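Enquirer: Below you will find the structure I want to go over with you.
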Amino acid sequence: MSAQPVVLATGGTGGHVFPAEALAGELVARGVSLALITDDRGRQWPGELARHPVHHVRGGSPSAGGIARRLANTLGLAMGTAEAFGVIGRVRPSVVVGFGGYASVPTLLAARFRGVPRIVHEQNAVLGRANRVAAAGARAIATSFRKVRHLADGDPRIHLVGNPVRDAVRSLREVAYEPPAADGPIRMVVIGGSQGAASFSTVIPEAIAALPDGLRQRLRLAQQCRAEDLERVRSFYAARGIDAECAPFFRDFPARLAGAHLVVARAGASTVAELTTSGRPSVLIPFPHATEDHQRANALAVDEVGASILLPHEAFTADALRRQLETLFADPRRLADMAKAARDAGHPDAASRLADIVVGVMNGSAPR
């Protein structure tokens, strides 16, 4: 194996960082040395990435905020690129892998100027703006979905690998999905995603309260709520005798996912990857303000294979959700079919497949 390290370029939200961390673990297991180049937000990330040399450069989105902020961020990107150019000159990596978001752009641009081979990983079903910049001249483009908007069909650089997930979630593939038994409890998990979900705290309780008595009494609900909505939602359920546990965050989410009969969630890339890897049926309500509506594209990809039901945010009403829940809870066979379709769409070996591409580029061979 080459003594030259692999540089991972990531930062910002967990959706960009978690895949980098999963790849880091896989590459370390193969004896590959690593370095991380990130922006200031990368200082908060512990775990595998923090065990390797970390270099911080400036960054920022040139499309965020008003004119003054956009100009400042554009200048930050230029300065960050110059900083990354220096870091890459000192580190001398064999390959640079970027994970989207503008935190990765300075490093990938600097690698291009240095002539270092580049790989980009796209988590969503829409190639993000940052990755569109970074993908020009990249040796390989690793995707999480079979079809990705803004990528040309037949581009030989494209490789479907999936989106790596936590080991605790990946292990759920060994936990067979069991649909709810007749007259038995129905376990439903609601997660809001990193963008937050104020509407979930209103629409979902109203939908559940409107379920027929027989279904409502069988329901065992775990719902993620914003902190400011927590007491109101808890009181709503308690007043109606609904068995509900509400919290801003579930640290034992993999365990809850293991026992879930149905998940209701946003359609972020990490959420979709966890649902398909674990093989759990879902109702997905895409965040309507996601860039280029990429969450709708994510949700549509799993809806089309029968793994989920896409409920657009503009149609997300208590009555619409109540109808979907009532239909699904009355048809355990359909839930089981959705779970199987989700599992079939999953990529539990995503980190390994991405590592194969990285090692291939390191060795000068064509990515597989």
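Enquirer: Looking for something farther than 24 Å from G346 by Cβ, in a loop (DSSP other than H, G, I, E, B) and polar (S, T, N, Q) - is there at least one such residue anywhere in segment 197-213?
Expert: yes
Enquirer: Quick check on my filter: what residues within segment 48-79 are touching a strand residue (DSSP E or B) at 6+ places or on another chain (Cβ under 9 Å) and under 23 Å from G137 (Cα atoms)?
Expert: V57, G59
Enquirer: Please go through segment 57-96 and pick out each residue that is under 27 Å from N363 (Cα atoms) and touching a helix residue (DSSP H, G or I) at 6+ places or on another chain (Cβ under 6 Å).
Expert: T81, A84, F85, I88, S94, V95, V96
Enquirer: When both residues are 6+ apart or on different chains and their Cβ atoms are under 7 Å apart, which pairs have a first residue that lies in segment 231-252 and is closer than 23 Å to P212 by Cα, and a second that is among the hydroxyl-bearing types (S, T, Y)?
Expert: V233/S201; A244/Y237
Enquirer: Taking the conditions exactly as written (more than 28 Å from E178 (Cβ to Cβ), at pLDDT 95 or above, over 23 Å from the mean Cα position of the chain (by Cα) and buried (at least 16 other Cβ atoms within 10 Å of the Cβ)), does A318 satisfy them or not? Please lay out each step first, then the result.
Expert: Numbers: more than 28 Å from E178 (Cβ to Cβ): yes; at pLDDT 95 or above: yes; over 23 Å from the mean Cα position of the chain (by Cα): yes; buried (at least 16 other Cβ atoms within 10 Å of the Cβ): yes.
Criteria met by A318.
Enquirer: Going by what's in this entry, would G65 be described as assigned to a loop (DSSP other than H, G, I, E, B) and buried (at least 19 other Cβ atoms within 10 Å of the Cβ)?
Expert: Details: assigned to a loop (DSSP other than H, G, I, E, B): yes; buried (at least 19 other Cβ atoms within 10 Å of the Cβ): no.
No; evaluated as a whole, the condition is false for this residue.
Enquirer: Name the single residue, out of those in segment 83-94 being surrounded by fewer than 24 Cβ atoms within 10 Å (Cβ to Cβ) and under 16 Å from V358 (Cα atoms), that is farthest from the chain's Cα centre (by Cα).
Expert: R92
Enquirer: I'd like to verify a number: residues in segment 275-299 that are assigned to a helix (DSSP H, G or I), buried (at least 24 other Cβ atoms within 10 Å of the Cβ) and of a type in the set (D, E, K, R), how many? I'd like the intermediate steps shown before the answer.
Expert: Residues of segment 275-299 assigned to a helix (DSSP H, G or I): 275-278, 291-299.
Still in the list and also buried (at least 24 other Cβ atoms within 10 Å of the Cβ): 275-278, 295, 298-299.
Still in the list and also of a type in the set (D, E, K, R): none.
The total comes to 0.
Enquirer: Name the pairs whose Cβ atoms lie under 9 Å apart, with the first residue in segment 108-120 and free of Cβ contacts under 8 Å to residues at least 60 places away in the same chain and under 17 Å from I158 (Cα atoms), the second among the β-branched types (V, I, T) and in a helix (DSSP H, G or I), and 6 or more positions between them or separate chains?
Expert: R118/V361
Enquirer: When you go through (1) assigned by TED's automatic domain parsing to the domain that holds E26; (2) loosely packed, with under 14 Cβ neighbours inside 10 Å one by one for T143, which number turns out not to apply?
Expert: (2)
Enquirer: For segment 103-127, enumerate the residues that are part of a loop (DSSP other than H, G, I, E, B) and either surrounded by fewer than 24 Cβ atoms within 10 Å (Cβ to Cβ) or over 19 Å from the mean Cα position of the chain (by Cα) (or both).
Expert: Let us first name the residues in segment 103-127 that are part of a loop (DSSP other than H, G, I, E, B), namely 103-104, 115-117, 123-125, 127.
Matches in segment 103-127: G115, V116, P117, L127.
The values are calculated or read from the model by the stated rules, or taken from the named source; none is laboratory data. As the structure is a prediction and not an experimental result, all values here were calculated from the model. Methodologically, a virtual Cβ is constructed for each residue, glycine included, from the backbone with ideal geometry; neighbour enumeration extends over all protein chains shown.
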